[in-house]
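One structure is given below, encoded as structure tokens.
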Amino acid sequence: MLTPQGLKGKQYRVTGNAYPRLGRPPKKSRKVIAALAALLALALIGLGGVQLYDIFRGKDKNASAQACAAPSGKPLAAPTAGATPGAPAASGAPGAPVDPHAVPAPSAVTVNVYNATTKAGLAGRTADELKKRGFTIGKVGNAPAELDKKVPGTAQVIAGPTGAAAGTLVGSQIAGAAVTADARTDTSVDFVIGDSYNALLDETQAAAALALAIKPSPTPSATGSC
């Protein structure tokens with residue numbers, strides 16, 4: 001009695017010179033296994049390709065985002081002709097950086113000080129402080145009707161086309177001042193005190209604010225649109 005390998009323990013009687021034939025695994029099973037292996041390989045290749053694509057795209061997006069996020073610098077609004085005297089310039093009016101060499105000395109700037117709040121005496125006290133800093137004081141009093149009790153911030157500084165640099169100088173004397181434009185033809189500046197006003201910056205702080213206001217803005221060198 002013989003038990004040929006692969007016949008799961010079954011015993012066969014061998015007669016004559018013939019042996020039982022051992023069959024190979026079915027061809028269908030081999031084909032299924034090969035097909036599954038090929039599909040798995042294709043899936044792994046596809047996943048790797050997607051990951052590489054995302055990696056390179058991610059670098060591209062990060063570079064673009066950094067280029068778009070580079071500080072562009074928003075200069076103070078330059079005075080614009082055609083606005084109503086004493087009223088703020090229209091939103092979105094074109095602006096231009098102030099030339100540091102064009103900033104006048106305080107003594108060359110005439111400042112009109114107006115009080116747009118309900119607190120009495122602010123215009124006079126502020127005018128005195130500005131005078132101590134070398135500014136030439138013009139009119140002092142209550143704000144005109146179009147601005148009276150309509151300045152919610154610390155102050156509104158108004159200048160004409162030829163007084164842009166003077167407006168920047170006066171605006172640097174107070175934190176949070178809005179510098180706007182009207183159509184006046186001289187270089188005088190209106191300093192209109194708002195509801196949030198407490199006091200002028202000290203002279204050191206004002207000098208730092210002026211330096212920041214006239215500092216040239218860096219321009220991004222990256223190509224492409226954001």
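The values are calculated or read from the model by the stated rules, or taken from the named source; none is laboratory data. Predicted model only: the values in this text are computed from it and were never measured. So basically every Cβ, Gly included, is an ideal-geometry build from the backbone, and we count neighbours across all protein chains shown. These accessible areas exclude ligands, DNA and RNA; they are computed on the full protein's heavy atoms, side chains included. Shrake-Rupley method; radii C 1.70, N 1.55, O 1.52, S 1.80 Å.
List of remarks:
- Shown in residue order for the range 178-187 are the 3J(HN,Hα) couplings computed by the Karplus curve 6.51 cos²θ - 1.76 cosθ + 1.60 at θ = phi - 60°: 9, 9, 10, 10, 9, 9, 4, 9, 9, 9 Hz (x for Gly and Pro).
- Using a probe radius of 1.4 angstrom, the carbon and sulfur fraction of the accessible surface of the range 96-186 is 56%.
- Percent of beta bridges antiparallel (DSSP, the range 96-209, rounded to nearest 5): 25
- Among residues other than Glu203 with Cβ under 11 Å from its Cβ, the summed charge is 0 (Lys and Arg +1, Asp and Glu -1).
- The range 96-161 - accessible surface per residue (Å², probe 1.4 Å): 51
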